[in-house]
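So that we are looking at the same thing, I have put the structure below in structure tokens.
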Amino acid sequence: MQLPRIGLTQRTQKRKRKRKLKMEKWRATSNLRRSLKSILNRQLSSVSEFRYLNEKRSCQSSFNLIRDCKSLGQVNAIQHRCFSSASTLVQRNPSFSTLNSDDISYFKGLLGEKSVIQDEDRLETVNTDWMHKYKGSSKLLLLPRSTEEVAQILRYCNSRCLAVVPQGGNTGLVGGSVPVFDEVIVNVSSMNNIISFDKVSGILVCEAGCILENLISFLDNQGFIMPLDLGAKGSCQIGGNVSTNAGGLRLVRYGSLHGNVLGLEAVLANGDVLDMLGTLRKDNTGYDLKHLFIGSEGSLGIVTKVSILTPPKLSSVNIAFLACNDYSSCQKLLIEAKRKLGEILSAFEFLDTEAMNLVLHQLDGVRNPLPASMHNFYILIETTGSDESYNREKLEAFLLSSMEGGLISDGVLAQDINQASSFWRIREGVPEALMKAGAVYKYDLSLPVEKMYDLVDDMRIRLGDLAKVVGYGHLGDGNLHLNVSAPEYDDKILEQIEPYVYEWTSKHRGSISAEHGLGLMKANKIYYSKSAETVQTMASIKKLLDPNGILNPYKVLPHSLNS
């Protein structure tokens, strides 16, 4: 027997008729492209169907900041590296050994020749980061296929004091997934099996090399979704996502990986395997050590397996692309969205007019959904629920009240999957547009929402005509992506940015890394966000788990503590 749907009473019908009359005012005073009735008439069936896949990793190699500084008497071995004028000179740890023929023979015996890569072209790719900003000089790429092989690799490297860089999809933006010098690259991409999935609990267990988009597709067929969604999902891997505690587009709804990862398996520097691959929602037996590895960027151990809680896929998805006159309206709109959309709000993204201009001019086929004029700010709102009629009514009421309150100056709702995809293309295409525009200085910051855009305004005053300052990001969780765009890299520009950006963030009790990690770029900047005592405790943990310091050296912690 089918239960009656809540709300279908005479009083409810009367309220709906009243709302219909109010909608006439909406249509008369707003510039929405179509009436809400016709636009919302078609529901979007799945989040995973319309996310734009940004697999392109092209960028201009001339924007390489790396300058190799070879020590006297060391013609063939790079002993020092400079990464931009604002960074400290990085010196190779003299305690690390250099790869020799015996090492190669051992790895070939362990993994087989096909999994021991010395080809220069393939090494060129894995030595270089996504932005072509950081480049190492590793002579060896290893492709283990199991946890046991990872354990044997690390056990051998630790005994020989060979430095190691764990690597997944290599989509990071802070130099964390590529060598600094000649570290051995251990890439887990061959470990890409889904081990189990429990439809009752929604718990997925898989290996670290699974590409995020493949997991999204697998779960979509099971009627579930990943709690994590990134623009780089076509390349990034779940082990790297966990190791960097990646945030992404759904954090406002589903929270961080610290909440969604139930367990993991990790291999320590000495080859010991920590089996923390639990699938329980509750487990209060001792220290929850998995959290040490979530966000540690491979500096404490190599994550080899993950168990993650996945939410069910909901059938009703709607996307609104809105314009606001000022940042204050964006903030107020966020407050109203949390109050009035509540449990169905799944994304709240923003970009400023500079970001929109870049996307429209740099990316082929992208059109402004609100073509009448350019606006100061744009907001992308996504709602996800299980009842299309209820969700539509809720979103309709929210948009009406926001327009009447002057928070929205214009807007449009996606009528179908293609239109929804085009909206996401604008937001997810900003990083690609910035890369195509020229040199770009990227800063991933967490700040109080009310202060977030003040930094963008301050940087525009500070830089003047030297460069364009672009602001966009995850407004729903206070994550600003501050980007400075210029025709080419210039030390004068960098001197105006750093350390000012870090000092400004620290002054306002923010974090200098919201979701990208510290890597090499920000290792020496950690004190802007963490106290000396906290950093020293981190160094003690590193020393305990990796006494020889072979795992991802020169990253995460200050170089003075890594040596």
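The values are calculated or read from the model by the stated rules, or taken from the named source; none is laboratory data. Keep in mind it's a predicted model, so treat the numbers as computed, not measured. Backbone-built Cβ (ideal geometry, glycine too); neighbour counts: all protein chains shown. Protein only, heavy atoms only, side chains kept; ligands, DNA and RNA dropped before computing areas. Shrake-Rupley method; radii C 1.70, N 1.55, O 1.52, S 1.80 Å.
Using the Karplus equation 6.51 cos²θ - 1.76 cosθ + 1.60 (θ = phi - 60°), what ³J(HN,Hα) coupling, rounded to whole Hz, does each residue of segment 309-326 give in order, writing x for Gly and Pro?
Coupling constants for segment 309-326: 7, 10, x, x, 6, 9, 7, 9, 10, 9, 10, 10, 10, 10, 10, 10, 6, 8 Hz.
Hey, another quick one. Leaving out ligands and nucleic acids, note down the accessible area per residue over segment 151-257 with a 1.4 angstrom probe, in whole Å².
Using a 1.4 Å probe on heavy atoms only, each residue of segment 151-257 averages 27 Å².
With a 1.4 Å probe and all protein chains left in place, how much of the accessible area of segment 232-346 comes from carbon and sulfur atoms, in whole percent?
51 percent
Take peptides 171-184, 546-559, 214-227 and line them up by average Cβ neighbours within 10 Å, highest first, as a rough protection proxy.
Per-residue Cβ counts within 10 Å, averaged per peptide and sorted highest first, yield 171-184, 546-559, 214-227.
With θ set to phi - 60° and the Karplus curve 6.51 cos²θ - 1.76 cosθ + 1.60, what are the ³J(HN,Hα) couplings of segment 108-114 in order, to the nearest whole Hz, using x for Gly and Pro?
Values per residue, Gly and Pro as x: 5, x, 7, 9, x, 4, 5 Hz.
Let me ask something else about it. At 25 °C and a viscosity of 0.890 mPa s, what translational diffusion coefficient does Stokes-Einstein give for segment 411-563, taking Rh as the Kirkwood radius over Cα pairs? Give it in µm²/s as a whole number.
141 µm²/s
Quick check: at a probe of 1.4 Å, how many percent of the accessible area of segment 455-563 sits on carbon and sulfur atoms?
51 percent
Another one. Order 105-118, 267-280 from most to least packed using the mean count of other Cβ atoms within 10 Å.
By packing density, highest mean first, the sequence is 267-280, 105-118.
Now, a different point. For a 29 Å ceiling on Cα separation, which of these pairs sit above it: LYS133/LYS525; LYS507/LYS555; LYS290/LYS338?
Result: LYS290/LYS338 exceed 29 Å.
Let me ask you something else. Would you mind checking which residues have amide H under 5 Å from THR310's amide H? H placed 1.01 Å from N; only 5 or more apart, or other chain.
So THR310 has HN proximity to ILE203, LEU204.
Peptides 131-139, 529-537: what's the order by average Cβ count within 10 Å, highest mean first?
Ranking, from highest mean packing down: 131-139, 529-537.
Specify whether the C-alpha gyration tensor of segment 450-526 places it in the rounded, prolate or oblate class, a ≥ b ≥ c being the square roots of the eigenvalues: rounded for a/c under 1.5, otherwise prolate if a/b is larger than b/c and oblate if not.
It comes out oblate by the Cα gyration axes.
Could you state the accessible area per residue of segment 452-562 in Å², with a 1.4 Å probe and every protein chain left in place?
Spelled out: the 1.4 Å probe surface of segment 452-562, per residue, equals 41 Å².
Through the Karplus equation 6.51 cos²θ - 1.76 cosθ + 1.60, θ set to phi - 60°, convert the phi angles of segment 144-155 into ³J(HN,Hα) values in whole Hz; use x for Gly and Pro.
x, 10, 8, 4, 4, 5, 4, 4, 5, 4, 5, 4
So, one more: P(r) tail for segment 176-305, what percent of Cα pairs lie past 25 Å?
Considering segment 176-305, 21 percent of its Cα-Cα pairs are separated by more than 25 Å.
Okay, moving on. Considering the dipole of segment 474-563 built from charges on the beta carbon (Lys and Arg +1, Asp and Glu -1) around the Cα centre, which of MET538, GLY519, PRO487 is farthest to its positive end?
The Cα lying farthest towards the positive end belongs to MET538.
Taking a threshold of 30 Å on the Cα-Cα distance, which of the pairs LYS139/LYS543; LYS394/LYS468; LYS135/LYS468; LYS313/LYS394 fall above it?
Correct reply: LYS394/LYS468.
What shape does segment 405-474 have by the C-alpha gyration tensor, where a ≥ b ≥ c are the square roots of the eigenvalues, rounded means a/c under 1.5, and otherwise prolate means a/b greater than b/c and oblate the rest?
Because a/c hits 1.5 or more and a/b fails to exceed b/c, segment 405-474 counts as oblate.
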